[in-house]
Each structure stands twice: as structure tokens, then as C-alpha cells.
Amino acid sequence: TVAVTAGDADPSTSEPDPVRPTPLVGVGMTPRSYSADDFPVFLGEIEGRSDLLMHAGGWGDLTAPGSAFEVVVTLAREREMKSVVVLSPNSGGTLTTALDEATVTSLLDSLRSFLASNQPEYLGLANEVNMLATDDPAAFEAVVALWQRALPIVRELSPATKVFVTFQYEWLVGRRDGWFGRTVVATDWSPLDRFSDADLVGFTTYPSLVFD
């Protein structure tokens, strides 16, 4: 590997430096409560300070009347922010939604209904899936299969939406000690390969769990 400094570059042949996108600042929808007193306070605190508004939850809540997912998309649009919706059939390494054929069909129908009237800028279809890959490989394969069926629906009904899944970063790099209560293992990036057609990759990170 040869390192080339700015002084070494030939201006007649070197490529221009790529333009780095401006980082976006986001916040989860986390008011003290949804009361008539607390919710406006939360909205006032994020006004003009955040580019993104996010809510993460289970697939089963997607089509509930007035769901938090719909609220996030609506509020973000009204305040000229971008919405981030993260759906997940699992919580860490545990599957929380059965993924038998009947349930998967219902989940996909709920996704279609949601996207018919809501087009979030960013949509996550599973959360921290690498923990599931470790603790329940069969369930992880079911989530991959759900992803493969859900992605074309998003592409068709909301083509501008960026689609992703998230991975737990400390778990990926093998730091499963500390509050996780396990031992350090080798880094394993292979779960990312199962979602190679994603537009983005998301990471959750909690350094305090494993680092003093």
C-alpha cells in the first residue's frame, strides 16, 4: 500500500476529493408522555434541532389506528424533517413475532396498507438482526426470508424510501462480555452479507455495556 499525501498528488491527473454528505441529526420520538402537556413540550424541544424523527417498534403495531409510525411520518412531514420507521419481528436475539406463513402474509399486508398512505424517507425492516443470527439461526433465516419478500413491496409502493436493517455493533465486533454476560469472540461481519440489496446499513451501539 502506498500512501499519497496532498503534496505528492499531480493536479493534472488526480481525482477531486469526493464531496462528503452533511451528517443528519436525528432523535427518537421520546416525549415524557403523550399527554396534552408533555407532547407539545417535546415537539418544541426538537423544533429546528433535528433533521430526522424516528420510531422503532414491532411489525404488529404498524396498522393500529393512529399508530406511532403514522404519527412520526406525519409530524416529520409537517416540520420539514425526514421520518425514520424501524420495524422489527425480534428483540435482540429473541423472535417476538411468529413468522409462520399466515403471520408473514399478514405482516406484508400491513406493510402494503401502511405504505399506501405513508412514505417514510427511511424504513428499517428488522433491528439488531446479528444477535438473532447468533442465538436463533433458524429465526434469523426466517427474518431474511421476510426481508426478501418485503423489499419488493417497498420498492413498488414507495420507491424513494431508503430501506435498511440494523446490526448491533458491539456484538458484530465480538464484544459480548460486560453487561452482555458472555465472552469476547472473533469479529463476524457475515450477517451483513445476507442483506446486500439494502440501501443503507444501520448500527446500534452501546459502548458503556462493554467498555469501562
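The values are calculated or read from the model by the stated rules, or taken from the named source; none is laboratory data. What you see is a predicted model, and the numbers here were worked out from it, not measured in a lab. Cβ placement follows ideal geometry from the backbone for every residue including glycine, while neighbour counts extend to all protein chains displayed. To get the accessible areas, we keep the full protein, side chains included, count just its heavy atoms, and leave off ligands, DNA and RNA. Shrake-Rupley method; radii C 1.70, N 1.55, O 1.52, S 1.80 Å.
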Regarding LEU132, is this residue assigned to a helix (DSSP H, G or I), over 22 Å from GLY26 (Cβ atoms) and touching a strand residue (DSSP E or B) at 6+ places or on another chain (Cβ under 9 Å)? yes
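I'd like the full set of residues that are open to solvent by 40 Å² or more (accessible area, probe 1.4 Å) and of a type in the set (Val, Ile, Thr), limited to the range 87-102. Give the derivation first.
Let us first name the residues in the range 87-102 that are open to solvent by 40 Å² or more (accessible area, probe 1.4 Å), namely 91, 94-96, 98, 100-102.
Result: THR94, THR96.
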Residue by residue through the range 161-205, note down the ones that are hydrophobic (A, V, I, L, M, F, W, C), more than 14 Å from VAL129 (Cα to Cα) and open to solvent by less than 30 Å² (accessible area, probe 1.4 Å). VAL163
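Does GLU141 count as within 27 Å of LEU53 (Cα to Cα) and open to solvent by 60 Å² or more (accessible area, probe 1.4 Å)? Give the derivation first.
Numbers: within 27 Å of LEU53 (Cα to Cα): no; open to solvent by 60 Å² or more (accessible area, probe 1.4 Å): yes.
Spelling it out, it is not the case that GLU141 is within 27 Å of LEU53 (Cα to Cα) and open to solvent by 60 Å² or more (accessible area, probe 1.4 Å).
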Please name all residue pairs, on different chains or six or more residues apart, with Cβ atoms under 7 Å, provided the first residue is in the range 78-100 and is of a type outside the set (S, T, N, Q) and the second residue is in a loop (DSSP other than H, G, I, E, B) and open to solvent by less than 10 Å² (accessible area, probe 1.4 Å). VAL84/PRO120; VAL85/PRO120; LEU87/LEU62; LEU87/LEU125; PRO89/ALA126; LEU95/PRO89; LEU99/PRO89
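Among the residues of the range 89-101, is any part of a helix (DSSP H, G or I) and either more than 19 Å from ASP197 (Cα to Cα) or out of contact with any Lys or Arg (no Cβ under 7 Å at 6 or more places or on another chain) (or both)? Working first, answer last.
Quick first cut of the range 89-101, residues part of a helix (DSSP H, G or I) only: 101.
Okay, now just the ones that are also either more than 19 Å from ASP197 (Cα to Cα) or out of contact with any Lys or Arg (no Cβ under 7 Å at 6 or more places or on another chain) (or both), so 101.
Taking every residue of the range 89-101 in turn, at least one turns out to be part of a helix (DSSP H, G or I) and either more than 19 Å from ASP197 (Cα to Cα) or out of contact with any Lys or Arg (no Cβ under 7 Å at 6 or more places or on another chain) (or both).
Please enumerate the residues belonging to the range 119-138 that are open to solvent by 10 Å² or more (accessible area, probe 1.4 Å), of a type outside the set (Ser, Thr, Tyr) and touching a residue at least 12 places away in the same chain (Cβ under 8 Å).
Of the residues in the range 119-138, the ones open to solvent by 10 Å² or more (accessible area, probe 1.4 Å) are 119, 121-122, 127-128, 131, 133-138.
Right, trim to of a type outside the set (Ser, Thr, Tyr) and you get 119, 121, 127-128, 131, 133, 135-138.
Within the range 119-138, GLN119, GLU121, ASN127, GLU128, MET131, ALA133, ASP135, ASP136 meet the criteria.
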Look at TRP171 and say whether it is in contact with a helix residue (DSSP H, G or I) (Cβ under 6 Å, 6 or more places away or on another chain) and assigned to a helix (DSSP H, G or I). yes
Test of understanding: among VAL41, VAL72, which residue is buried (at least 16 other Cβ atoms within 10 Å of the Cβ), part of a helix (DSSP H, G or I) and either within 19 Å of the chain's Cα centre (by Cα) or at pLDDT 90 or above (or both)? VAL72
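Have a look at THR105, THR30 and point out the one that is under 22 Å from GLY124 (Cβ atoms), open to solvent by 40 Å² or more (accessible area, probe 1.4 Å) and over 21 Å from the mean Cα position of the chain (by Cα). Walk me through how you get there before you give the answer.
On the way: THR30 fails: over 21 Å from the mean Cα position of the chain (by Cα).
Among THR105, THR30, only THR105 is under 22 Å from GLY124 (Cβ atoms), open to solvent by 40 Å² or more (accessible area, probe 1.4 Å) and over 21 Å from the mean Cα position of the chain (by Cα).
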Just to be sure before I move on: is ASP197 of a type in the set (D, E, K, R) and in contact with a Gly (Cβ under 9 Å, 6 or more places away or on another chain) in the structure I sent? no
